[in-house]
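Taking it in order: structure first as C-alpha cells, then the write-up.
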Amino acid sequence: MVQKIYYRIGEVAKKFNVQPSLIRYWEKEFDFIKPKKSDKGTRLFTKKDVDHFEIVYHLIKEKGMTIQGTRDYFKKHYDSRSLEQLQVINTLKRTKSLLKDIREVLTGHAG
C-alpha cells in the first residue's frame with residue numbers, strides 16, 4: 001500500500017482481499033477499528049486502523065479464531081500499550097522497506 005494518511009475502505013479491502021462489507025462488520029464488532037468519516041460518510045482509515053484490522057484479519061482468517069475468541073484474545077494480550085508498541089514495530093518495518101527501496105534506486109539494483 002502506498003504511504004498515505006487515510007485509506008478508503010476499498011483500498012483496505014483490496015489489501016486484504018476481502019469485501020468492504022467484512023470491514024464494516026468488523027468495525028462494528030471491534031471498537032478499536034474506528035475509521036473517521038467524511039462529511040459524505042466515506043470511511044477514512046488511518047494506518048493505525050489498518051494495523052488493527054491486520055491483527056484481526058490474522059487471528060480470524062489465518063488462525064481460525066472466532067470473533068468472540070478474538071475479542072477475548074485482545075482483552076488478554078493487547079492493552080493500549082501493546083497496540084501502540086505494535087504500531088511502532090509496523091512503522092519501523094515500513095520505514096525499513098522504504099529505505100531499502102531508496103537504496104535500490106540510488107545504487108541502481110536490487111539487493
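So the values come out like this:
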read-out	value
Boolean, R81 is modelled with pLDDT under 85 and open to solvent by 90 Å² or more (accessible area, probe 1.4 Å)	yes
Hits in region 1-25 (condition: modelled with pLDDT of 90 or more, of a type in the set (S, T, N, Q) and part of a loop (DSSP other than H, G, I, E, B))	N17, Q19
Matching residues in region 26-48 - criterion: being touching a helix residue (DSSP H, G or I) at 6+ places or on another chain (Cβ under 9 Å), assigned to a helix (DSSP H, G or I) and modelled with pLDDT of 90 or more	W26, E27, E29
Restricting region 30-46 to residues that are over 22 Å from I67 (Cα atoms) and in contact with a Ser or Thr (Cβ under 8 Å, 6 or more places away or on another chain), the residue that is surrounded by the most Cβ atoms within 10 Å (Cβ to Cβ)	L44
Residue count for region 36-77, restricted to those that are touching a Leu at 6+ places or on another chain (Cβ under 9 Å) and hydrophobic (A, V, I, L, M, F, W, C)	3
Test result for D51, crowded, with 17+ Cβ neighbours inside 10 Å and without any contact (Cβ under 8 Å) to a residue 60 or more places away in the chain	yes
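The values are calculated or read from the model by the stated rules, or taken from the named source; none is laboratory data. Quick caveat, the model's predicted, so the values are computed rather than measured. In this analysis, Cβ positions are derived from the backbone assuming ideal geometry, glycine residues included, and neighbour counts consider all displayed protein chains. Accessible surface is based on the protein model in full, side chains and every heavy atom, while ligands, DNA and RNA are left aside. Shrake-Rupley method; radii C 1.70, N 1.55, O 1.52, S 1.80 Å.
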